[in-house]
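Below you'll find the structure, written out as structure tokens, and then a few comments.
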Amino acid sequence: MRLSHCHNFHDFRELARRRLPGPIFDYIDGGADDEATLRQNTASFERCDLVPNVLRGVENVDLSVTVMGQKLATPFYCSPTALQRLFHHQGERAVAAAASKFGTMFGVSSLGTVSLEELRKAYATPQVYQFYFHRDRGLNTAMMQRAKQAGVDVMMLTVDSITGGNRERDLRTGFSIPFRLTLGGMLQFAIKPAWAINYVTHESFKLPQLDEHVDMGGGTMSIGRYFTEMLDPAMTWDDVAQMVRQWNGQFCLKGVMSVDDAKRAVEIGCTGIILSNHGGRQLDGSRAAFDQLAEIVDAVGDRIDVMMDGGIKRGSHVLKALSLGAKAVGLGRFYLYPLASAGQAGVERALGLLQAELVRDMRLMGCSSISQLSRANLRFR
């Protein structure tokens, strides 16, 4: 199976499964507990039908949107995700380059493996910094100042990860940073030598956003342990309001799901919110973002930019979210599988296929611009 054989999300996932050692594939692929929310994130789109209009003259289709002050050529962006160097040696460099080619936004995680400064200098496309709130308030201040000095466009505070989700696939394989695998996990690495050769023949793994502050080399630090021991479950709205004031720019909260929280985000001065359940990786049984979208848009959509992520596998999924009022949608696994499969070429192919699907589906819907999408085009079963 080659990259040219990949025509959709499922093909990229299968190619990644074939090329990655089991523990790393499971880290991307898995969710929390019984993975019910992971499944519902996509199933929620399937309970909604599109109602197209015809004969509307749609030769030219404009996919551009403006979100949090950023002009994007597409209504999708690459959400920040952790540890990308593990999946392919190009890591965040590949994702940033692909996002830049398509004129859209990309994110850099606090657990990113390329520095936000390097990426900011290399690409002019809008850049988001995904921030985790640590127990060490001095660390939080230093990380925000660093992002401001680097010229990051949007600060994105993740608020649904004050403790680690119960990701049982990782527990079974022993996945951790640095590697400390179970016997079965080590066997999976042994039978995928191409990944190991790629990993050891390129620059070493590092976490440049944290390396000046956090020593992960002195002992094994699992991702779950990082969330549980280093992040601050005592974080409150007052803490976030202070961050918004300190940042004094585009600031969004990722992981908002309730109307009350959306209203609080508006009150403290946030410019955006992202409805998200962290890809089904935190609280299993939580509501799918798409199912919650209309309620949030109706409550605050005229005062703050509302986005969503989770479960998006097709252009039609993007159209449904936009029709309900989302300003843009975030992609995670959608680009991680192709990244793992083929680096920058994989990400570019995945984004190109999604863009082509969107243009085709917009024409079939009878819409020449995103602004023409509305709830009149939807019916729920």
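The values are calculated or read from the model by the stated rules, or taken from the named source; none is laboratory data. These numbers were taken from a predicted model, which means no experiment stands behind them. Because the Cβ atoms are built from the backbone with ideal geometry, glycine has one as well, and the counts that use them run over all protein chains shown. The accessibility values were calculated without ligands, DNA or RNA, using every heavy atom of the protein model including side chains. Shrake-Rupley method; radii C 1.70, N 1.55, O 1.52, S 1.80 Å.
For a quick check of your reading of the model, give me the residue pairs whose first member lies in region 307-324 and is free of Cβ contacts under 8 Å to residues at least 24 places away in the same chain and closer than 10 Å to Leu373 by Cα, whose second is open to solvent by 10 Å² or more (accessible area, probe 1.4 Å) and hydroxyl-bearing (Ser, Thr, Tyr), with beta-carbon atoms closer than 6 Å and at least 6 apart or on different chains. From region 307-324, no pairs qualify.
Taken over region 362-373, the residue count meeting the criterion of being surrounded by fewer than 20 Cβ atoms within 10 Å (Cβ to Cβ), touching a Gly at 6+ places or on another chain (Cβ under 9 Å) and within 28 Å of Ser100 (Cα to Cα) is 2.
Screening Ile197 with (1) surrounded by 15 or more Cβ atoms within 10 Å (Cβ to Cβ); (2) at pLDDT 80 or above gives one miss only, at (1).
Yes/no per residue for (1) of a type in the set (Val, Ile, Thr); (2) surrounded by fewer than 22 Cβ atoms within 10 Å (Cβ to Cβ):
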residue	(1), (2)
Leu293	no, no
Asp305	no, no
Ser323	no, no
Ser341	no, no
Val347	yes, no
Leu353	no, yes
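On inspection, Ala376 qualifies as open to solvent by 10 Å² or more (accessible area, probe 1.4 Å) and in contact (Cβ under 8 Å) with a residue 12 or more places away in the chain. When Phe25, Phe87, Phe12 are checked against the criterion of being within 30 Å of Ser286 (Cα to Cα), surrounded by 21 or more Cβ atoms within 10 Å (Cβ to Cβ) and touching a Cys at 6+ places or on another chain (Cβ under 7 Å), a single residue qualifies: Phe12.
Among the residues of region 90-104, those that are within 18 Å of Val154 (Cβ to Cβ) and crowded, with 24+ Cβ neighbours inside 10 Å comprise Glu92, Val95, Ala96, Ala99, Thr104. Highlighted here are the helices (runs of 4 or more DSSP H) found entirely within region 14-117 that include at least 3 residues which are among the hydrophobic types (A, V, I, L, M, F, W, C): 22-29, 36-46, 91-101. Out of all the residues in region 245-258, which are more than 21 Å from the chain's Cα centre (by Cα) and either aromatic (Phe, Trp, Tyr) or open to solvent by less than 30 Å² (accessible area, probe 1.4 Å) (or both)? Trp247 - this is the single residue of region 245-258 that is more than 21 Å from the chain's Cα centre (by Cα) and either aromatic (Phe, Trp, Tyr) or open to solvent by less than 30 Å² (accessible area, probe 1.4 Å) (or both).
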